[in-house]
Amino acid sequence: MTIKNIAVLTSGGDAPGMNAAIRAVVLAAHHYALPTIGFFSGYNGLIEASSTLLTPASVNGIIHRGGTILKSARCPAMLTEQGLKSAAATLRKEQIDALIVIGGDGSFNGLLALNKYWSGAIIGIPGTIDNDIDGTDFTIGFSTAVNTGIEAIDKIRDTAEAFERIFIVEVMGRRSGHITFNVGIASAAEQILSFENFSQADEQEKLSHLAKEIKQAQHNRHASYIIVIAENLWPGGAVQLAKQLKQTANIDCTACILGYIQRGGSPVAKDRILATKMGVAAVQALIAGKSNVMIGERNNQLLTVPLDVAVQHKEKVSESLVSAQENILGLTAQ
Ligand code: F6P
């Protein structure tokens, strides 16, 4: 199929670098003399036919901006036949031949479902702070989120040192520990608690182990103690863990939930560059006649991964990262 009109949208949790990806798509499409339509607010923009023509001027001065100029949303209507049909109807009406979606696996599932009602070409660009997409070493936004987490913990560390206080810092990541492990290791956290090294059945055991480790650290006058914990891991999260440590071992901890600061902010160089490479590659893939693929990067090489493969599994946290933490765990407390 010859591509004449490209559409792009951002969907799911916004991630720093999404704007850089939009910019790259628009500029690359312009280079190949293809117009780009941007749909607003994720798939809602398709359902509600809310769009704008994106020109090189519209993407000027956005590479450094967090969020997304196209806005984003999670769109439950894409789980319904009616929603999918309306989205497909808009694409037909606007004579779109190819749709590029920048988002996570939920957004890619929406794209695959849409393709049953609309036969244009589809390409996914992985944009999520969670880094949990199979088929790529890094997703757009992950590096910035990790750096934000590290900066925040470096600051928390100052108070932790000054007051000899224990902090439990909860980071985002949905149900995977990429952010948790990377932030934990880079900020020299005394403990990292994530899906990869904890299961619900171990809760009591982990609690008493933690209490023992903290008491040992206090005994050794280790000034600060930081536990980095993944969101959605501990029932009740960091606040509940702090309560349990108080109740079971009389340990005072301060819970701190980093939350949405990890999703915002100006993208770091790595995300801007990754987003630019992926945006250009997405347009080139379309011109080469590809469809139903996600643009990924493995070992610094761009590649295309079938979309249905990309959504099948979550990208695992590297074993070397988990094992690095296991092998230094506790050493700081001695
Ligand atoms: O997927 C990105 C993410 O920030 C996750 O880390 C987090 O669990 C989720 O989105 C929060 O989603 P929402 O903003 O829709 O509540």
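Restricting the stretch 214-233 to residues that are part of a loop (DSSP other than H, G, I, E, B) and without any contact (Cβ under 8 Å) to a residue 60 or more places away in the chain leaves a set whose member that is least open to solvent (accessible area, probe 1.4 Å) is Leu233. Between Gly38, Gly45, Gly67, the distinction of being closer than 30 Å to Ile261 by Cβ, modelled with pLDDT of 95 or more and in a helix (DSSP H, G or I) belongs to Gly45 only.
Would a scan of the stretch 15-32 turn up a residue that is away from the ligand (no atom under 16 Å from the Cβ), more than 25 Å from Asn147 (Cα to Cα), of a type in the set (Phe, Trp, Tyr) and touching an Asp or Glu at 6+ places or on another chain (Cβ under 9 Å)? Checked against the condition, which is being away from the ligand (no atom under 16 Å from the Cβ), more than 25 Å from Asn147 (Cα to Cα), of a type in the set (Phe, Trp, Tyr) and touching an Asp or Glu at 6+ places or on another chain (Cβ under 9 Å), the stretch 15-32 yields no hits at all. Check Gly127 against each of (1) under 30 Å from Asn5 (Cβ atoms); (2) more than 18 Å from the chain's Cα centre (by Cα) and name the one condition it does not meet. Answer for Gly127: the failing condition is (2). Count of the stretch 106-139 residues, restricted to those that are under 20 Å from Val25 (Cβ atoms) and in contact with a strand residue (DSSP E or B) (Cβ under 6 Å, 6 or more places away or on another chain), is 16. Among the residues of the stretch 115-132, those that are under 24 Å from Gln284 (Cα atoms) and within 16 Å of the ligand (Cβ to nearest atom) comprise Gly124, Ile125, Pro126, Gly127, Thr128, Asn131. Among the residues of the stretch 165-190, just one is under 12 Å from Trp234 (Cβ atoms) and away from the ligand (no atom under 16 Å from the Cβ), namely Ile168. Residues in the stretch 109-134 that are surrounded by 24 or more Cβ atoms within 10 Å (Cβ to Cβ) and of a type outside the set (A, V, I, L, M): Gly110, Gly124, Pro126, Gly127, Thr128, Asp130, Asn131. The set of residues in the stretch 57-80 that are closer than 24 Å to Met294 by Cα and over 19 Å from the mean Cα position of the chain (by Cα) comprises Val59, Ile62, Pro76, Ala77, Met78, Leu79, Thr80. Is one or more of the residues making up the stretch 5-21 within 20 Å of Asn292 (Cβ to Cβ) and surrounded by fewer than 19 Cβ atoms within 10 Å (Cβ to Cβ)? The answer is yes, given that some residue of the stretch 5-21 is within 20 Å of Asn292 (Cβ to Cβ) and surrounded by fewer than 19 Cβ atoms within 10 Å (Cβ to Cβ). Please specify each residue of the stretch 28-38 satisfying the condition of being in contact with a helix residue (DSSP H, G or I) (Cβ under 7 Å, 6 or more places away or on another chain) and either basic (Lys, Arg) or in contact (Cβ under 8 Å) with a residue 40 or more places away in the chain (or both). Answer for the stretch 28-38, where residues must be in contact with a helix residue (DSSP H, G or I) (Cβ under 7 Å, 6 or more places away or on another chain) and either basic (Lys, Arg) or in contact (Cβ under 8 Å) with a residue 40 or more places away in the chain (or both): Ala28, Ala29, Tyr32. Just one of the listed residues (Gly110, Gly83) is within 16 Å of the ligand (Cβ to nearest atom) and in contact with a helix residue (DSSP H, G or I) (Cβ under 7 Å, 6 or more places away or on another chain), namely Gly110. When the stretch 196-213 is filtered for residues that are touching a residue at least 60 places away in the same chain (Cβ under 8 Å) and either of a type outside the set (S, T, N, Q) or open to solvent by 60 Å² or more (accessible area, probe 1.4 Å) (or both), the ones remaining, listed by number, are Glu196, Glu213.
The values are calculated or read from the model by the stated rules, or taken from the named source; none is laboratory data. These numbers were taken from a predicted model, which means no experiment stands behind them. Note: ideal-geometry Cβ built from the backbone for every residue, glycine included; neighbour counts use all protein chains shown. Only protein heavy atoms, including side chains, enter the accessible area calculation; ligands, DNA and RNA are left aside. Shrake-Rupley method; radii C 1.70, N 1.55, O 1.52, S 1.80 Å.
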